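Report on the structure given below.
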Amino acid sequence: MSLDRDTVARIARLARLKVADEELAPLAGELSGILAWIEQLNEVDTKNVEPMASVSDITLPKRADKVTDGGIAEKILANAPGGAVYVEPTDKNAGGFFTVPKVVE
Amino acid sequence: MAALTDLSLAALKAAMGKKEASAVEVTEAHLEKLDAHRALNAFIAETPDRARDMAKASDARRARGEAGLLEGVPLAIKDLFCTDGVPTTAGSHILEGFVPPYESTVTANLWKAGAVMVGKTNLDEFAMGSSNMTSHFGGVENPWKKKGDNRKLVPGGSSGGSAAVVAAYMVPGSTGTDTGGSIRQPASFCGVVGLKPTYGRCSRWGVVAFASSLDQPGPFARTVEDSALLLQGMAGHDPKDSTSAPLAVPDFAAAARNPDVKGLKVGVPKEYRVDGTSPEIVALWDKGMDMLKAAGAVPVEVSLPHTKYALPAYYIVAPAECSSNLARYDGVRFGLRVPGKDLIDMYQNTRGAGFGKEVRRRIMIGTYVLSAGYYDAYYKKAQQVRALIARDFKQAFEKCDVLLTPTAPTAAFAAGEKMDDPVTMYLNDMFTIPASMAGLPGISVPAGLDKDGLPLGLQLIGRAFDEETMLRAAAALETAVAFKARPAGY
């Protein structure tokens with residue numbers, strides 16, 4: 001499978017990666033090289049083979065559906081790159097918001 | 001007594017136990033080595049203040065008779081483990097400035113056992129690489145050099161910093177993570193022991209995720225026994241990681257202290273004899289088998305027919321999982337934000353500026369193989385091949401107890417080599433990736449020096465959750481090899 005510039009631009013958009021125009025052609029070459037190498041998998045007969053999603057033999061455990069922590073809004077918001085807005089400025093653990101650029105008019 | 005920094009972890013434990021040295025003295029001695037070898041660029045952050053506080057607290061615990069398994073032992077932590085209040089970067093620009101508000105389970109277990117953190121080690125960005133050259137914070141220098149050649153060599157990757165600091169005697173042990181070989185390959189390049197446990201043995205909670213079905217934390221040390229002690233401190237069931245195995249932690253150190261391999265069936269997979277492997281490594285592999293045989297082990301030739309497909313299958317599975325895991329870096333909740341004209345533009349600018357070239361490549365491959373119309377041809381196919389790889393190992397382990405293979409196809413290479421074509425770099429992990437795909441434990445043991453004076457490792461692979469047999473065989477190999485070399489100047 002060889003990827004062209006447009007396909008690379010489409011993948012970059014899906015992955016939310018800004019890729020400069022002049023980088024599209026070299027990236028198309030690199031990614032095509034990797035995919036061509038990967039295609040040797042087509043030599044393997046996988047008819048009737050169950051796909052393996054996990055190596056764990058264990059059944060994933062379930063826990064009771066209840067709140068196990070909370071009340072740490074300030075800790076969670078401490079790393080917000082755009083800053084945080086708190087519901088109660090005097091009690092930051094009461095809750096708050098991450099901020100993003102305006103999305104509605 | 002030898003210098004404190006020359007002692008193994010077990011010997012340090014004994015010295016502190018006999019009050020020959022305090023944790024504060026041990027920590028100070030190692031912090032001096034951090035100062036002396038800063039040029040290796042092995043640490044992203046050193047934490048001397050925290051180390052001194054932890055050492056004081058350790059001495060106080062010992063005085064109260066509450067010494068833990070790793071009481072007072074200084075350790076370096078790969079900067080992929082979240083550490084409460086200490087910046088964690090994953091080697092990436094996109095996480096620069098991020099200070100975790102919580103501690104990973106594995107590091108919390110180590111501190112509970114009494115260990116002291118001296119710093120966070122450098123790594124390939126998001127653990128994606130085999131040379132440590134993809135780190136946003138620059139490459140790490142391998143303490144080893146070729147005889148008569150002053151060029152800087154890579155320490156391997158992705159846990160390159162963690163391997164280098166142990167090889168340079170800056171710490172007796174460190175933590176790493178292994179997705180496709182990121183503990184074992186740098187251990188081989190740096191002449192130290194590196195252990196990847198069975199998937200599920202150590203909790204992944206609080207470890208920055210790369211490929212969740214493959215990622216597994218594990219230790220580096222200079223002896224097999226030390227690696228076993230560290231694993232004992234790191235392992236254990238964790239309800240916060242749903243894939244963490246609900247099993248008790250065995251006495252791994254006891255297994256490592258018992259290098260008895262009489263009658264042990266050691267499998268040699270014939271498909272690992274591939275073109276491109278250095279003849280010296282093949283000779284070393286044969287010699288390793290002869291040594292185990294001399295110690296009473298029984299060699300068995302086994303077949304793992306799908307070996308050559310493990311690498312391409314991995315380069316679908318791992319990028320697919322990485323593209324999902326790394327979707328969280330969007331400039332909203334933590335890390336870097338690069339403004340844009342709207343929300344999508346902000347995402348794209350942030351991710352475009354925050355990720356390096358290799359990470360970007362893998363996200364794009366992952367996005368492509370998971371995209372509509374290609375899922376069955378790539379992702380499902382890779383998962384089917386993965387099932388066949390796991391079946392190969394299962395069948396091989398009906399005939400043997402442990403497998404012996406080379407760890408890496410070459411010794412350490414020069415910084416900047418193998419950078420032109422991504423696939424050339426990927427081939428570094430050809431011997432480690434199959435066991436990763438099957439979730440099996442593997443350990444790299446230093447087995448000798450090549451003609452240039454560089455260390456080479458051999459890998460032992462065990463059955464799932466049978467690290468003890470693997471450690472026993474590794475200790476037997478270590479005893480027979482008697483690797484005493486250390487890098488000049490360290």
In nanometres, the difference between 0.36 nm per residue of separation and the alpha-carbon distance of B:Asp345 and B:Asp421 is 24.3 nm
As a check on your grasp of the helix formula, calculate [θ] at 222 nm for chain B: sum -39500 (n - 2.57) over DSSP H runs of n ≥ 4, divide by the residue count, round to the nearest 500. -11000 deg cm²/dmol
Can you classify the stretch B:10-77 as rounded, prolate or oblate using the Cα gyration tensor, where a ≥ b ≥ c are the square roots of its eigenvalues, rounded means a/c under 1.5, and otherwise it's prolate if a/b beats b/c and oblate if not? prolate
Net +/- balance of residues flanking B:Thr367 in space, Cβ distance below 10 Å, scoring K and R +1, D and E -1: +4
Compare the Cα positions of B:Pro74, B:Ile316, B:Ala211 along the charge dipole of chain B (+1 at Cβ of Lys, Arg; -1 at Cβ of Asp, Glu; about the Cα centre) and return the one farthest towards the positive end. B:Ile316
Local electrostatic count at B:Gln348 - Lys and Arg +1, Asp and Glu -1, tallied over other residues with Cβ under 13 Å: +4
Amide H partners (placed H, <5 Å) of B:Leu153, local residues excluded: B:Asn142, B:Ala415
Using label points projected 7 Å from each Cα along Cα→Cβ, tell me how many nm separate A:Asp91 and A:Glu43, to one decimal. 6.7
Compute the separation of the alpha-carbon centres of the stretch A:1-71 and the stretch B:401-420 and state it in Å as a whole number. 25
Prolate/oblate/rounded label for the stretch B:398-478 (Cα gyration tensor, a/c 1.5): oblate
Quick one: net charge around B:Gly148, please, counting Lys, Arg +1 and Asp, Glu -1 for every other residue with C-beta under 13 Å from its C-beta. +3
Which is the longest run of chain B containing none of the GluC sites (Glu not before Pro) found in DSSP loop states (not H, G, I, E, B) with at most 11 other C-beta atoms within 10 Å? B:67-397
Length gained if B:Arg50 through B:Arg38 is fully extended, taking 0.36 nm per residue and subtracting the Cα-Cα distance, is 2.5 nm
Ranked from fewest to most other Cβ atoms within 10 Å of their own Cβ, A:Phe98, B:Phe81 fall in the order A:Phe98, B:Phe81
Calculate log10 I(q)/I(0) of the protein assembly as shown for q = 0.05 Å⁻¹, where I(q) comes from the Debye formula with a single equal point scatterer on each Cα and nothing for solvent. -0.20
Distance in nm between label sites at B:Lys19 and A:Arg13, each 7 Å beyond Cα in the beta-carbon direction? 7.4
Once you place label points 7 Å from the Cα toward the Cβ at B:Arg61 and B:Asp275, how far apart are they in nm? 5.5
Rounded, prolate or oblate: which one fits chain B, using the alpha carbon gyration tensor with axes a ≥ b ≥ c (rounded when a/c is under 1.5, else prolate when a/b beats b/c, else oblate)? rounded
With 21 Å as the limit, write out which pairs from B:Lys196/B:Lys262; B:Lys196/B:Lys418; A:Lys62/B:Lys240; B:Lys287/B:Lys484 have Cα-Cα distances beyond it, or answer none. B:Lys196/B:Lys262; B:Lys196/B:Lys418
Per-residue ellipticity at 222 nm attributable to helices in chain A (runs of n ≥ 4 DSSP H, -39500 (n - 2.57) apiece, nearest 500 deg cm²/dmol) works out to -9500 deg cm²/dmol
Cα to Cα, under 18 Å, and not fewer than 8 places away if on the same chain: which aspartates and glutamates meet these conditions relative to A:Lys18? A:Asp4, A:Asp6, A:Glu30, B:Asp330, B:Asp342, B:Asp345, B:Glu358
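Only the coordinates and a few stated rules stand behind these numbers; no lab work does. Keep in mind that this is a model prediction, so the values were computed, not measured. As a convention, Cβ positions derive from the backbone with ideal geometry for all residues, glycine included, and neighbour counts pool all protein chains shown.
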